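Novice: Let me begin by handing over the structure; questions about it come next.
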Number of protein chains: 2
Amino acid sequence: MADKPAIPKGTRDFNPTESVRRNYIFDTVKRVFTLYGYAPIETPAMENLSTLLGKYGAEGDKLLFKILNSGDFLAGMDHREVTSSSANVAALKICEKGLRYDLTVPFARFVVQHQHELVFPFKRYQLQPVWRADRPQRGRYREFFQCDVDVVGSDSLLYELELLQIVDEVFKSFDTKVCIYINHRKILSGIAEMIGRTDLLTDITAAMDKLDRIGWEGVETELIARGLGQDAVEKVRPILLFRGGTEEKIALITQCLAGSATGMAGIEELKTLFEWIRQAGIGQEVVLDLSLARGLNYYTGAIFEVKALDYEMGSICGGGRYDNLTGIFGLPGISGVGISFGADRIYDVLLGLDKFPASTAHAPKVLFMNLGREESVFALSMLKQLRSSGIAGELYPEQVKMKKQFDYADKRGIPYVAIIGEGELKQAKVSLKELKQGQQQMLTPDELKKYLEKE
Amino acid sequence: MADKPAIPKGTRDFNPTESVRRNYIFDTVKRVFTLYGYAPIETPAMENLSTLLGKYGAEGDKLLFKILNSGDFLAGMDHREVTSSSANVAALKICEKGLRYDLTVPFARFVVQHQHELVFPFKRYQLQPVWRADRPQRGRYREFFQCDVDVVGSDSLLYELELLQIVDEVFKSFDTKVCIYINHRKILSGIAEMIGRTDLLTDITAAMDKLDRIGWEGVETELIARGLGQDAVEKVRPILLFRGGTEEKIALITQCLAGSATGMAGIEELKTLFEWIRQAGIGQEVVLDLSLARGLNYYTGAIFEVKALDYEMGSICGGGRYDNLTGIFGLPGISGVGISFGADRIYDVLLGLDKFPASTAHAPKVLFMNLGREESVFALSMLKQLRSSGIAGELYPEQVKMKKQFDYADKRGIPYVAIIGEGELKQAKVSLKELKQGQQQMLTPDELKKYLEKE
């Protein structure tokens, strides 16, 4: 007897219910992306390690899944070379490829590699899985999907607006209220200037990024540990924790950052963006959040994060503008802005709020009972008609007791059962039984089609 | 300057045109699978090597992509253990996981692992990439998509019929004529019995599977190399090369295999299946092909292969019945039948026959020129209306020369350009220009929507 089969820890199987709901999320974001003129691309699961290494920090390098070279991977190698090295060094001698860690670096690689075939501004979306050798824990998986939408090749703020409109429209489609938090990296740079510690900008944003998890006191402790003085912390605290409307916040930082050209440039951009947002009529709540940092180093302009209003969950969507993402692959000066939808978390939010529509049931609408050979031929002809009208249905495969056939319909959640017995066959009709209420009616094939089309 | 970025050999990037066309293929098969009551599942890209090894023969084992254990993969290991072994043995000491090689074995693993949560007969489809460390060559990739549809838990021939109906419907949707070739493993067993070499059944089918590539003479040479006598070859030749209609072929083998109970059982099943096919009104050509073998060992009943009629290409779809696929994971006696659509080959066929519909263009329908701030606000409000009617459109992000904006529309293949200048703004209208013919007309927002909806 074989061992009970299992899958690697941190990975998941998705059953039909889960898969159909996931597809609903993917189809919805794809539909909205398309309405805004974005087109899909796909990149391979495997990238050369030279593409991936050094792009996610030392910690990220460790989390890359590496693929053993095929064939005789030890060939032509002094074996001690492998085994006397540290695991990290040894891995690079026997692995040339790795699984992609996110969609951003492959996208940058794609843009540089195909730059002469692309039309700029290049608007793309990409929905693919990524892999990270993270320690698996609740809500953190080693394989998960990212849904990224980006445009590169223009620094127009209209694209920031467009992405926010997309966020608005996606969550409107999900019938889910969210709050969009916005900040600007140049404002954070201005704050770092103001306290005379531009050298610590990365540390400041990394610490602030943990605000949700560790609270302001935790951030302060971390800021000080990262080298900020107590006086600097005192200076930034009132800005980052300031409560008020967007206009009041802008007034406050305009005053605080008056001496920083960078800071003022960020403020100007945000003012324009908020004006666009008002004029475009974005329906979701939009908030200027001066404490929003987003940990990733490559952001240089506006940054965004989205949270559900009626369900406790971290950020379900985030992004921002980056000015030099393709520079790492030798194509500098291409500005871009993008946003990433977290499919797993959105799934949990929609499930928690009971927002998956009935159309995400995966059972067909009708099961035809199998009551004999001739009856089945009639059933098949009716199924053909129904399917040509887009109604899903099937014939039970064996002529067994009706109870067993009803049980199957019930367990699969098929709402209607169609019965063709001798009597029905003679009249060329079908008895349709609705399983929940138990109503039954006799219909002609045409009536059946019309009835199920309406339901 | 960084090296020119590249992707691993045998893998591919898909640009927007290719991705949209691929999605058209995936969406079409998914729609048809759903109409027949099949529901999606997904399994992880990585499986434990214990799940994958030994399932695809020694050759297959070598073609598995293995994933290096994360962390210190050499820890607690006598390094000589690794380096003194052959590459194959060494790999297993440092790799526990591999990328899936097909969707069939993961499906069998899924069914066994989740058997108590599933409703049988269990009808599932699965569209996911698979990976093989094959030597890359024209038309053979190291990463490619499989589209599998299977039902397990019933031996009813109605499921063979259902899958053939699905094939019929899928290619009708693609507006592509195909021929479905059918044979039965029990007939092949009967032939092996007839020549007294049941021991060579696997060799016989493996050799016959190459008929397309090496011709009948090549098959004969291989049959003899695999141990078949010349007299046996003489006996099977007239059967396998017999030309005639289905009824004549059935008459021939009924005569030849009269002494084989297994063979006769296969003939009976095919007779029933062909009768069902006739009654269900399958529109595509269906042929009994006594030389069809399909190399995979696990088939035990009817087997299928599909080829395009108007385009030279190998098999674009294939499958069959297997009686014991889940047995390898400890759940014997579950009969199933399935079919797999080769997305890459179908892509090439549709491209070659020019069958991709216009809806697979990926550009939005209309580009609004950017002629100033106020004009853009008006454009945004119109775009909002259009999108709510499902019409994709976008606003050019910068107020630059009209020529540049027209060029962008042209290069992206956007068919309409909407112009809002001072004059249009005053009248709250828009000038719509069709780029190919150059016609231009002035429309109200409502007229614009109606016009583009119709086009």
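Novice: May I ask you to list the residues in the range A:349-384 that are of a type in the set (Val, Ile, Thr) and assigned to a helix (DSSP H, G or I)? Even if it seems obvious, please write down each step before you answer.
Specialist: Initial filter on the range A:349-384 (of a type in the set (Val, Ile, Thr)): A:349, A:360, A:366, A:377.
A:349, A:360, A:377, listed by residue number.
Novice: In addition: For the range B:122-136, give me each residue that is within 7 Å of chain A (Cβ to nearest Cβ) and farther than 16 Å from residue B:43 by Cα.
Specialist: Selection gives B:133 alone.
Novice: Moving on. In this structure, does residue B:119 turn out to be more than 7 Å from chain A (Cβ to nearest Cβ) and either without any contact (Cβ under 8 Å) to a residue 40 or more places away in the chain or under 30 Å from residue B:157 (Cβ atoms) (or both)?
Specialist: Here the answer is no, as residue B:119 does not meet what is asked.
Novice: Kindly evaluate residue B:350 against the criterion of being buried (at least 16 other Cβ atoms within 10 Å of the Cβ), in contact (Cβ under 8 Å) with a residue 12 or more places away in the chain and over 19 Å from residue A:156 (Cα atoms).
Specialist: So residue B:350 fits the description; yes.
Novice: Within the range B:92-113, can you find the residues that are within 25 Å of the chain's Cα centre (by Cα), part of a helix (DSSP H, G or I) and among the hydrophobic types (A, V, I, L, M, F, W, C)?
Specialist: B:105, B:107, B:108, B:110, B:111, B:112
Novice: Go through the range B:3-17 and give me each residue that's facing chain A (nearest Cβ under 7 Å) and out of contact with any Ser or Thr (no Cβ under 9 Å at 6 or more places or on another chain). Lay out the reasoning, then the answer.
Specialist: Taking the range B:3-17 and keeping what is facing chain A (nearest Cβ under 7 Å), we get B:5-8, B:11-16.
Across the range B:3-17, the qualifying residues are B:8, B:15, B:16.
Novice: If a residue has to be more than 16 Å from the chain's Cα centre (by Cα) and either more than 8 Å from chain A (Cβ to nearest Cβ) or not in a helix (DSSP H, G or I) (or both) to count, how many in the range B:18-38 make the cut?
Specialist: 2
Novice: Could you pull out the residue among B:398, B:312, B:422 that is at pLDDT 95 or above and either of a type outside the set (Phe, Trp, Tyr) or surrounded by fewer than 17 Cβ atoms within 10 Å (Cβ to Cβ) (or both)?
Specialist: Details: B:312 fails: at pLDDT 95 or above; B:422 fails: at pLDDT 95 or above.
Selected residue: B:398, the only one of B:398, B:312, B:422 that is at pLDDT 95 or above and either of a type outside the set (Phe, Trp, Tyr) or surrounded by fewer than 17 Cβ atoms within 10 Å (Cβ to Cβ) (or both).
Novice: Does residue B:400 satisfy the condition of being assigned to a helix (DSSP H, G or I) and within 12 Å of chain A (Cβ to nearest Cβ)?
Specialist: Values: assigned to a helix (DSSP H, G or I): no; within 12 Å of chain A (Cβ to nearest Cβ): yes.
No; evaluated as a whole, the condition is false for this residue.
Novice: Now, a different point. Restricting attention to the range A:150-169, report how many residues are outside any helix (DSSP H, G or I) and not polar (S, T, N, Q).
Specialist: Matching residues across the range A:150-169 total 5.
Novice: I'd like to know if the range B:314-324 contains one or more residues that are within 14 Å of chain A (Cβ to nearest Cβ), part of a helix (DSSP H, G or I) and farther than 26 Å from residue B:237 by Cα. Full working, then the answer.
Specialist: Kept after step one, since they are within 14 Å of chain A (Cβ to nearest Cβ), are these residues of the range B:314-324: B:321, B:324.
Pick out the ones that are also part of a helix (DSSP H, G or I) and you get none.
No; the residues of the range B:314-324 include none that is within 14 Å of chain A (Cβ to nearest Cβ), part of a helix (DSSP H, G or I) and farther than 26 Å from residue B:237 by Cα.
Novice: OK, next. Mind checking which pairs have a first residue in the range A:51-68 that is away from every other protein chain (no Cβ under 13 Å) and a second that is part of a helix (DSSP H, G or I) and at pLDDT 90 or above, Cβ under 8 Å, 6 or more apart or different chains?
Specialist: Taking only residues 6 or more apart or on different chains, the pairs are A:56/A:105.
Novice: Just to be sure before I move on: is residue A:31 out of contact with any Gly (no Cβ under 6 Å at 6 or more places or on another chain), touching a residue at least 60 places away in the same chain (Cβ under 8 Å) and among the charged types (D, E, K, R) in the structure I sent? If you could, list the steps in order and put the result at the bottom.
Specialist: On the way: out of contact with any Gly (no Cβ under 6 Å at 6 or more places or on another chain): yes; touching a residue at least 60 places away in the same chain (Cβ under 8 Å): yes; among the charged types (D, E, K, R): yes.
Judged against the criteria, residue A:31 is a match.
Novice: Related question: Kindly establish whether residue B:108 is surrounded by fewer than 23 Cβ atoms within 10 Å (Cβ to Cβ) and either hydrophobic (A, V, I, L, M, F, W, C) or within 7 Å of chain A (Cβ to nearest Cβ) (or both).
Specialist: It is false that residue B:108 is surrounded by fewer than 23 Cβ atoms within 10 Å (Cβ to Cβ) and either hydrophobic (A, V, I, L, M, F, W, C) or within 7 Å of chain A (Cβ to nearest Cβ) (or both).
Novice: Can you tell me which residues in the range B:28-71 are among the acidic types (Asp, Glu) and open to solvent by 30 Å² or more (accessible area, probe 1.4 Å)?
Specialist: B:59, B:61
Novice: Could you check the range A:312-340 and list, in sequence order, the residues that are among the aromatic types (Phe, Trp, Tyr) and free of Cβ contacts under 8 Å to residues at least 60 places away in the same chain?
Specialist: A:322
Novice: While we're on this one: Return the only residue of B:169, B:96 being facing chain A (nearest Cβ under 9 Å), open to solvent by 30 Å² or more (accessible area, probe 1.4 Å) and over 30 Å from residue B:358 (Cα atoms).
Specialist: After ruling out the rest, the residue left standing is B:96.
Novice: Of B:163, B:223, which residue is out of contact with any strand residue (DSSP E or B) (no Cβ under 6 Å at 6 or more places or on another chain) and crowded, with 21+ Cβ neighbours inside 10 Å?
Specialist: Testing whether each residue is out of contact with any strand residue (DSSP E or B) (no Cβ under 6 Å at 6 or more places or on another chain) and crowded, with 21+ Cβ neighbours inside 10 Å leaves just B:223.
Novice: In the range A:280-298, which residues are under 23 Å from residue A:264 (Cα atoms), modelled with pLDDT of 90 or more and open to solvent by 20 Å² or more (accessible area, probe 1.4 Å)?
Specialist: Selection gives A:286, A:287, A:289.
Novice: Now for a separate question. List pairs: first in the range B:382-395 and more than 13 Å from residue B:414 (Cβ to Cβ) and within 8 Å of another protein chain (Cβ to nearest Cβ), second among the small types (Gly, Ala, Ser) and in a helix (DSSP H, G or I), Cβ under 8 Å, 6+ apart or cross-chain?
Specialist: B:384/A:280
Novice: Looking only at residues in the range A:133-160 that are within 16 Å of residue A:28 (Cα to Cα) and among the hydrophobic types (A, V, I, L, M, F, W, C), which one is most open to solvent (accessible area, probe 1.4 Å)?
Specialist: A:145
Novice: Additional query: Tell me, which residue of the range B:372-395 that is of a type in the set (Gly, Ala, Ser) and more than 35 Å from the chain's Cα centre (by Cα) is most open to solvent (accessible area, probe 1.4 Å)?
Specialist: B:381
The values are calculated or read from the model by the stated rules, or taken from the named source; none is laboratory data. Nothing here was measured: the structure is a model prediction, and the numbers come from that model. So basically every Cβ, Gly included, is an ideal-geometry build from the backbone, and we count neighbours across all protein chains shown. Quick note on the areas: whole protein, heavy atoms, side chains included, nothing else; ligands and nucleic acids left out. Shrake-Rupley method; radii C 1.70, N 1.55, O 1.52, S 1.80 Å.
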